[in-house]
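*Asks:* I'd like to ask you about the structure that follows.
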Amino acid sequence: MHSDQHASVWLKCAAWGGLVFLHFPIVIIAMYAFNTEESAFSFPPKGFTLHWFSVAFGRADVLESIGLSLKIASLATAIAMVLGTLAAAAMYRRSFFGKDSITLMLILPIALPGIITGLALLQAFQAMDIQPGILTIVVGHATFCVVIVYNNVVARFRRTSGSLIEASMDLGADGWQTFRYILLPNLGTAMLAGGMLAFALSFDELIVTTFTAGHEKPLPIWLLNQLTRPRDVPVTNVVALMVMLATMVPVFLAYLLTKGGDDVAGSGK
Amino acid sequence: MTSRSSLPAADNSPVFTPPSGLLYRAADRLYRRPNLLLALLLLPPLLWFGSVYIASLLALLWQGLYTFDDFTMLVNHTLTLENYARLFDPANFDIILRTLLMALAVSAFSAILAFPVAYYMARYASGRIKAFFYLAVMLPMWTSYIVKAYAWTLLLAQEGVSQWFVHLLGLTPLLDALLALPGVGGNTLSTSSLGRFLVFTYIWLPFMILPIQASLERLPPSLLQASSDLGATPFKTFRHVILPLSVPGIAAGSIFTFSLTLGDYIVPQLVGPPGLFLGSMVYVQQGSIGNMPMAAAFTLVPIVLIAIYLSIVKRMGAFDAL
C-alpha cells in the first residue's frame, strides 16, 4: 500500500526511534568490547583499547568454545539442509493426507518454547542411556533448524514454475538431467540462504543447548556462565561482540542471496 | 507433471540419446511415479522428527504422570495425576499467572512500538530506505539472544548507560516514581519487573514488526483511495480501514512475542525480581531438584496456554498473516 505522500514528522520519529531502540544495545556491546576498564560498566567509557581482543584470543577456553560451536553449527546445518530440502521437495506442490500435520510437526520445535524441546530431548536421551555431548547437541539443533531451510526452499520451489521442468523434459532431458541442470541451480541460492540462517540459529542457540550439552561448553553456554562471574568482564565483552558478528554475517549473506524475491530469507525466525 | 506419460517419450528422439546409467534410470522412474517419489522424499524427515522429536515430546508428557518421592529424591513409575493437580497449588498458580501477565504485557507493548515502524516501512519507505529498514529489523532479530540479554544487563546496571541517560535528561524523579510502583518497581531497574519487561520487549520486538509490515504491505492502495474519495479524513481512514486490516498481522506477531516470553527462563534469571517464571520453574525442578515428573508437568502449562492463545488469534486471521 505504498503512498507517495510524505510521512508526518511524528511517524518518522516513531519509526526511526524504533530502529534506534533496536540497535542501541548492540552499539553498546560493540563499544564495551574496546573499554579500558576492567570490571566496571560506567558510562561513558573512560578509554578505548584493543588489548582485550588479544587476551580473549589467548584464552584456551574461549578458543575451544568457538571451535565447538562452529563444529556443532556446521553439522546441524548439514543435517537440516538435507532434511529441510527433502521435506520442501515433497510438500511444495502436492496435497496429500496428513500434509498439514507434517507442516505443524516441522514448525513445532521452534513454535514451542525451547525449554520444552530441551527437556523432552534430555529425558529421551536419559531414557536411552545416551550421554549428553556433541552428538546430542547436534541432534537438538538439527531438529529446530530443519524448518528454517524448509521455509526458504519451499518458497523457492513455489516460485519455480512447473513449466520449466516440463520444458526441460520435453526437450529431451531425463529426470536426472532436469534435476541437475534445472532444479538444482534454481534451488541453490535458497538452500544456501536457508543453510546460512540455520547456521546462525544453531551458533547462538542457548535454551535447548543447556539441556542437551552435558559438560560441553559451546559459546552461548560459555557466555551464560560468564555472566555470573564478574571478574572476566572484558573478555566476556569481546566474545559477545564476536558472537554477534558471527550471527549477523550469515544472516546478511542470506539476505543478499535472496533479495529481489517475494520471500526474503530471514524475515521469519 | 503427471501429464508427461501421455506425451511421446523423449528417449525416442533421434538427436539426443540420454545416458542409460543406473542413476538416470532411477531418476526417470521416480519422475513417472510421484507417489513413490513423495514417500522417498518424506521418509528421512519423518523418521527424524518421529523418532527424535515427537517421541521425546510424548515421553515427556508421560513422565509427568510418574511419582517423585520427596524423601528418597527418586522417581518411580507409579502413575499419578498428582503432578498435574499440583500445578494449581497457590504457589505454582502464582508463577503461571506472573508469566502469563508478563507475556500479555510484552505482546501489547511490542505491538505499540512495532506499529509505527511497520507502518512507515510499508507505506512511506521505498527503494534503499526500505531495504535499509528491512535489514535493520532483521539483523537484531537474528543477533545472538544471549548477547542481547547480556547487553541489557550492561545497560540496566547501576551507574550503567540507562542511568546516565536518565540523569542527563533529568528524568531521575520519574524513574524513581516508576520504581516505587508496587508490582512493577523494585530497588533498581535491573531488579524490577519493569526492567525485565523492557528486556523482553526489546528482544522480541522484531518478531512483531515484520508480520505487521507484511500485512500492511498487502493492503490494496485502492481501499485507501476509496476511503478518502468517500470523504474520510486521513485519521478516519487510519482508524476504520488501516488499523482493522492490520489486526491479522498484529495477531501473527503476538504469537511469537507471547510464546517466546512464556517459555523463557534466561532473561528472568538475569534481570528482575527473584520470583520464578514458568521456564525457570521447569529448569529448577529438573536441574536443582531433579524432579523430572514435576518439570514435565510444568511444560504442559505453556503448551496449553499457547494452544488457547493460538485458537484465539486464529479467529483474528493471524494464520493468514504468518
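*Asks:* May I ask you to say which residue of B:THR72, B:THR153 is out of contact with any Asp or Glu (no Cβ under 9 Å at 6 or more places or on another chain), β-branched (Val, Ile, Thr) and at the interface with another protein chain (Cβ under 10 Å from one of its Cβ atoms)? If you could, list the steps in order and put the result at the bottom.
*Replies:* On the way: B:THR72 fails: at the interface with another protein chain (Cβ under 10 Å from one of its Cβ atoms).
Of the residues listed, the single one that is out of contact with any Asp or Glu (no Cβ under 9 Å at 6 or more places or on another chain), β-branched (Val, Ile, Thr) and at the interface with another protein chain (Cβ under 10 Å from one of its Cβ atoms) is B:THR153.
*Asks:* Could you check B:THR99 against (1) assigned to a helix (DSSP H, G or I); (2) at pLDDT below 85 and say which number it fails?
*Replies:* Unmet for B:THR99, out of (1) assigned to a helix (DSSP H, G or I); (2) at pLDDT below 85: (2).
*Asks:* Just checking, how many residues over the range A:185-200 are within 12 Å of chain B (Cβ to nearest Cβ) and open to solvent by 10 Å² or more (accessible area, probe 1.4 Å)?
*Replies:* 2
*Asks:* Say we look at the range B:26-60 and pick out the residues that are open to solvent by less than 50 Å² (accessible area, probe 1.4 Å) and touching a residue at least 24 places away in the same chain (Cβ under 8 Å); which of these is farthest from the chain's Cα centre (by Cα)?
*Replies:* Step by step, filter the range B:26-60, then rank; the result is B:TYR31.
Condition check ((1) in contact with a helix residue (DSSP H, G or I) (Cβ under 8 Å, 6 or more places away or on another chain); (2) exposed (fewer than 15 other Cβ atoms within 10 Å of the Cβ)) across all residues:
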residue: A:PHE34; (1), (2): yes, no
residue: A:LEU70; (1), (2): yes, no
residue: A:MET81; (1), (2): yes, no
residue: A:ALA87; (1), (2): yes, no
residue: A:MET91; (1), (2): yes, no
residue: A:PHE96; (1), (2): yes, yes
residue: A:ASP100; (1), (2): no, yes
residue: A:ALA111; (1), (2): yes, no
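*Asks:* Yes or no: the range A:156-174 includes at least one residue that is over 19 Å from B:TYR31 (Cα atoms) and either modelled with pLDDT of 90 or more or not small (Gly, Ala, Ser) (or both). So that I can check it myself, show each step before the final result.
*Replies:* Residues of the range A:156-174 over 19 Å from B:TYR31 (Cα atoms): A:156, A:159.
Checking which are either modelled with pLDDT of 90 or more or not small (Gly, Ala, Ser) (or both) leaves us with A:156, A:159.
Within the range A:156-174, one or more residues are over 19 Å from B:TYR31 (Cα atoms) and either modelled with pLDDT of 90 or more or not small (Gly, Ala, Ser) (or both).
*Asks:* Quick one: would you say B:LEU262 is part of a helix (DSSP H, G or I), within 11 Å of chain A (Cβ to nearest Cβ), open to solvent by 20 Å² or more (accessible area, probe 1.4 Å) and not β-branched (Val, Ile, Thr)?
*Replies:* Details: part of a helix (DSSP H, G or I): yes; within 11 Å of chain A (Cβ to nearest Cβ): yes; open to solvent by 20 Å² or more (accessible area, probe 1.4 Å): no; not β-branched (Val, Ile, Thr): yes.
The answer is no for B:LEU262.
*Asks:* Same structure again: With respect to the numbered conditions (1) touching a residue at least 40 places away in the same chain (Cβ under 8 Å); (2) crowded, with 20+ Cβ neighbours inside 10 Å; (3) in contact with an Asp or Glu (Cβ under 9 Å, 6 or more places away or on another chain), which one is the sole condition not fulfilled by A:LEU121?
*Replies:* (3)
*Asks:* Give the residues of the range A:80-99 that are closer than 18 Å to B:TYR53 by Cα and within 11 Å of chain B (Cβ to nearest Cβ), sorted by residue number.
*Replies:* In the first step, residues of the range A:80-99 are kept if they are closer than 18 Å to B:TYR53 by Cα; the result is A:80-84, A:86-87, A:98-99.
Result: A:ALA80, A:VAL82, A:LEU83, A:GLY84, A:LEU86, A:ALA87, A:GLY98, A:LYS99.
*Asks:* Of the residues B:LEU189, B:LEU169, which is more than 12 Å from every other protein chain (Cβ to nearest Cβ) and touching a residue at least 24 places away in the same chain (Cβ under 8 Å)?
*Replies:* Details: B:LEU169 fails: touching a residue at least 24 places away in the same chain (Cβ under 8 Å).
Every option except B:LEU189 fails the conditions.
*Asks:* On to the next question. Among the residues of the range A:258-267, is there at least one that is under 23 Å from A:LEU104 (Cα atoms), open to solvent by less than 30 Å² (accessible area, probe 1.4 Å) and of a type in the set (Val, Ile, Thr)? Give the derivation first.
*Replies:* Step one: of the range A:258-267, the residues under 23 Å from A:LEU104 (Cα atoms) are A:262-267.
This time we only want the ones that are open to solvent by less than 30 Å² (accessible area, probe 1.4 Å), so: A:264-266.
Filter once more, so that each one left must be of a type in the set (Val, Ile, Thr): A:264.
For the range A:258-267, residues under 23 Å from A:LEU104 (Cα atoms), open to solvent by less than 30 Å² (accessible area, probe 1.4 Å) and of a type in the set (Val, Ile, Thr): present.
*Asks:* Let me ask another. Does A:ALA127 satisfy being without any contact (Cβ under 8 Å) to a residue 12 or more places away in the chain, open to solvent by 10 Å² or more (accessible area, probe 1.4 Å) and at the interface with chain B (Cβ under 7 Å from one of its Cβ atoms)? Don't jump to the end; show me each part of the working.
*Replies:* Details: without any contact (Cβ under 8 Å) to a residue 12 or more places away in the chain: yes; open to solvent by 10 Å² or more (accessible area, probe 1.4 Å): yes; at the interface with chain B (Cβ under 7 Å from one of its Cβ atoms): yes.
The answer is yes for A:ALA127.
*Asks:* Moving on to the next point. Checking A:ASN237 against (1) within 11 Å of another protein chain (Cβ to nearest Cβ); (2) surrounded by fewer than 24 Cβ atoms within 10 Å (Cβ to Cβ), which single condition isn't satisfied?
*Replies:* Unmet for A:ASN237, out of (1) within 11 Å of another protein chain (Cβ to nearest Cβ); (2) surrounded by fewer than 24 Cβ atoms within 10 Å (Cβ to Cβ): (2).
*Asks:* Further question on the same structure: Which pairs do you get when a residue that is within 23 Å of B:ALA180 (Cβ to Cβ), found in the range B:264-284, comes within reach of a residue that is not in a helix (DSSP H, G or I), reach meaning Cβ atoms under 8 angstrom, with the pair 6+ apart or on two chains?
*Replies:* What qualifies is B:PRO268/B:LEU276; B:PRO268/B:PHE277; B:GLY272/B:GLY186; B:GLY272/B:SER192; B:PRO273/B:GLY186; B:PRO273/B:SER192.
Table: residues versus (1) open to solvent by less than 30 Å² (accessible area, probe 1.4 Å); (2) among the aliphatic types (A, V, I, L, M); (3) in a helix (DSSP H, G or I); (4) more than 8 Å from chain B (Cβ to nearest Cβ).
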| residue | (1), (2), (3), (4) |
| --- | --- |
| A:ALA14 | no, yes, yes, no |
| A:PRO25 | yes, no, yes, no |
| A:ILE29 | yes, yes, yes, no |
| A:ALA78 | no, yes, yes, yes |
| A:LEU104 | no, yes, yes, yes |
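The rows are residues; the columns are (1) open to solvent by 50 Å² or more (accessible area, probe 1.4 Å); (2) under 30 Å from B:ILE203 (Cα atoms).
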position: B:ASP70; (1), (2): yes, no
position: B:TYR84; (1), (2): no, no
position: B:LEU87; (1), (2): no, yes
position: B:ASN92; (1), (2): no, yes
position: B:ILE96; (1), (2): no, yes
position: B:THR99; (1), (2): no, yes
position: B:ALA103; (1), (2): no, yes
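*Asks:* Still on this structure: Looking at (1) of a type in the set (Gly, Ala, Ser); (2) over 28 Å from A:ASN186 (Cα atoms); (3) surrounded by 21 or more Cβ atoms within 10 Å (Cβ to Cβ), which is the one condition that is false for A:GLY133?
*Replies:* A:GLY133 satisfies every listed condition except (3).
The values are calculated or read from the model by the stated rules, or taken from the named source; none is laboratory data. All values derive from a computational prediction rather than experimental measurement. Cβ sites come from the backbone with ideal geometry, for glycine too, and all protein chains shown count toward neighbours. Surface accessibility is based on the protein's heavy atoms, side chains included, excluding ligands, DNA and RNA. Shrake-Rupley method; radii C 1.70, N 1.55, O 1.52, S 1.80 Å.
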